[in-house]
Amino acid sequence: MKFGLFTYKNRNNSFNVGDHIQSLAAKQYLPQVDKLIERDSLSLLKLEDKIAVIMNGWFTHHPENWPPVPNIVPLFVSFHLNSAHAAKVLNKEENVKYFKKHSPIGCRDTGTVKFLKERGIDAFYSSCLTTTLDKKYKSNERGEDIYMVDVLYKDDMFSQYKASPRRILSDIKSGRILKLFKRGRQIKNIFPKSILAKAQYITHSYRNDDYNEAERFALAEDLLKKYARAKLVITSRIHCALPCLAMGTPVLFITGGGLFNKSEMSRLQGIIEHLNVVSTEPLVLDKSIATVARTLDPKTIDWDNITNPSSHTSYAEKLKSTCETFITNLR
C-alpha cells in the first residue's frame, strides 16, 4: 500500500501554516509519504495505485471536488465539514453514499457530527488529530519563551488593510473603521504588562510567494518545536492551541469578536471545551460532549502557573490507536 499526505492549494495571497501542522499530525503515523495529495482536488486526482490517506482537517473550499476518487483509501478521523459548504456536499446523494460506505466518520467537532447524522451517516466526535502531536514533537525541555500567536486575528484590521488596502474604503462607508483600535485595547485589558513585555509575536499566516511546499512543512515543524519548549503560548489559532495542549505546553485560547461568527463557531465547538479560554464576549457553546469550557477571568489568572485541562487525553489516545491500527492493517 502507498501512503498520501495532504497538501493545500493556494487560494489567496497567503497560506495558513496550521494546515501543514494538521498534515504533520497525520504524518506521524505513516511509514512513508509516497505522494502529496491536494486536499481540495480529491475528485480530480489521477492515481494509478491505491493510496491510503488519513482524512483529517477542514473540508472543503471546493465542494464540487467531492467525493474522492476510488483509489483513495480513506480513514475519516478529525474530519471537519464547514458549515459554509456542508449543504453543498451533503445535498448530493453520491456524496452521502460515499460517507456511508466509509463510516463511521470521526469528526473534529460536534457540528460536523450533527450535519452527517442528519443525513443518516454514522458519525461520532473524535476530537482533532493535532492533540496527538506529542507522539513525535513533545519535548522534555521547558524554556522561558512566551509566544503570542495571532491573538484575536479576526479583528486585526491593520493586517487586513495591509493585505487588502481596498477594504479601508468599504470599512469607512460601513463604519467598521471605528473599531480600528478595539483589538489593541482588548489585548491591553487582558494581559499584564509583564506578559506583553516578554512576549514574542508569531503568526500562522505567510505569503505564498515566500515559501515553496517543502519550506511550508519545514516552517510548521519549526513552529511545533518552538511551542513544545515554550513557557506559555497565547493564541486564537486552533492549530496552535491544540498542539500545545498535546505537548504539555501551558496555553491560553483567546476568543471573541470575529471568531464568534457562524462559520468560526462551527469549527470551535468540540474543540474549545478542552482549552483554558479567555473570551472577550459571552461564550455560548454546544454542550453535546461531556466537558465544558474553562473560561478564565484574566484578573485572577496566575500567569506563572497556568495548568492545561486534561479532558482531551482520552480522545487523543483513541485517535492514536485508530490511526496505528489503520496503518498496520494496510501493511
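The values are calculated or read from the model by the stated rules, or taken from the named source; none is laboratory data. All figures in this text were calculated on a predicted structure; none of them were measured in a lab. Using ideal geometry, Cβ is built from the backbone for each residue, glycine included, and neighbour counts are taken over all protein chains shown.
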Go through the stretch 124-144 and give me each residue that's without any contact (Cβ under 8 Å) to a residue 40 or more places away in the chain and outside the structural domain of Cys240 (by TED's automatic domain parsing).
Phe124
Just one of Ala246, Ala214, Ala241 is modelled with pLDDT of 95 or more and more than 16 Å from the chain's Cα centre (by Cα); which is it?
Ala214
From the list Ile121, Ile105, pick out the single residue that is within 18 Å of Arg267 (Cβ to Cβ) and outside the structural domain of Leu232 (by TED's automatic domain parsing).
Ile105
For the stretch 188-200, check the following and say yes or no: at least one residue is assigned to a strand (DSSP E or B) and without any contact (Cβ under 8 Å) to a residue 60 or more places away in the chain.
yes
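State yes or no: is Arg207 assigned by TED's automatic domain parsing to the domain that holds Ala293 and either under 16 Å from the mean Cα position of the chain (by Cα) or acidic (Asp, Glu) (or both)? I'd like the intermediate steps shown before the answer.
Working: assigned by TED's automatic domain parsing to the domain that holds Ala293: yes; either under 16 Å from the mean Cα position of the chain (by Cα) or acidic (Asp, Glu) (or both): no.
Answer is no for this residue.
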Scanning the stretch 209-218 residue by residue, those closer than 18 Å to Gln22 by Cα and either assigned to a helix (DSSP H, G or I) or among the polar types (S, T, N, Q) (or both) turn out to be Asn212, Glu213, Ala214, Glu215, Arg216, Phe217, Ala218
Going through the stretch 87-118 one residue at a time, which ones are without any contact (Cβ under 8 Å) to a residue 60 or more places away in the chain and of a type in the set (Gly, Ala, Ser)?
Ala87, Ser103
Would you be able to tell me the number of residues in the stretch 243-267 that are surrounded by fewer than 22 Cβ atoms within 10 Å (Cβ to Cβ) and either in contact (Cβ under 8 Å) with a residue 60 or more places away in the chain or more than 22 Å from Glu317 (Cα to Cα) (or both)?
11
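Okay, residues lined up against (1) of a type outside the set (Gly, Ala, Ser); (2) over 17 Å from Thr280 (Cβ atoms); (3) in contact (Cβ under 8 Å) with a residue 60 or more places away in the chain; (4) surrounded by 14 or more Cβ atoms within 10 Å (Cβ to Cβ):
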{"residue": "Lys162", "(1), (2), (3), (4)": "yes, yes, no, no"}
{"residue": "Ser170", "(1), (2), (3), (4)": "no, yes, no, no"}
{"residue": "Ala228", "(1), (2), (3), (4)": "no, yes, yes, yes"}
{"residue": "Ile234", "(1), (2), (3), (4)": "yes, no, yes, yes"}
{"residue": "Ala241", "(1), (2), (3), (4)": "no, no, no, yes"}
So, in the stretch 183-211, of the ones that are at pLDDT below 90 and under 19 Å from Ala163 (Cα atoms), which residue ends up surrounded by the most Cβ atoms within 10 Å (Cβ to Cβ)?
Arg183
In this structure, is Tyr147 hydroxyl-bearing (Ser, Thr, Tyr), over 23 Å from Asn10 (Cβ atoms) and not in a helix (DSSP H, G or I)?
yes
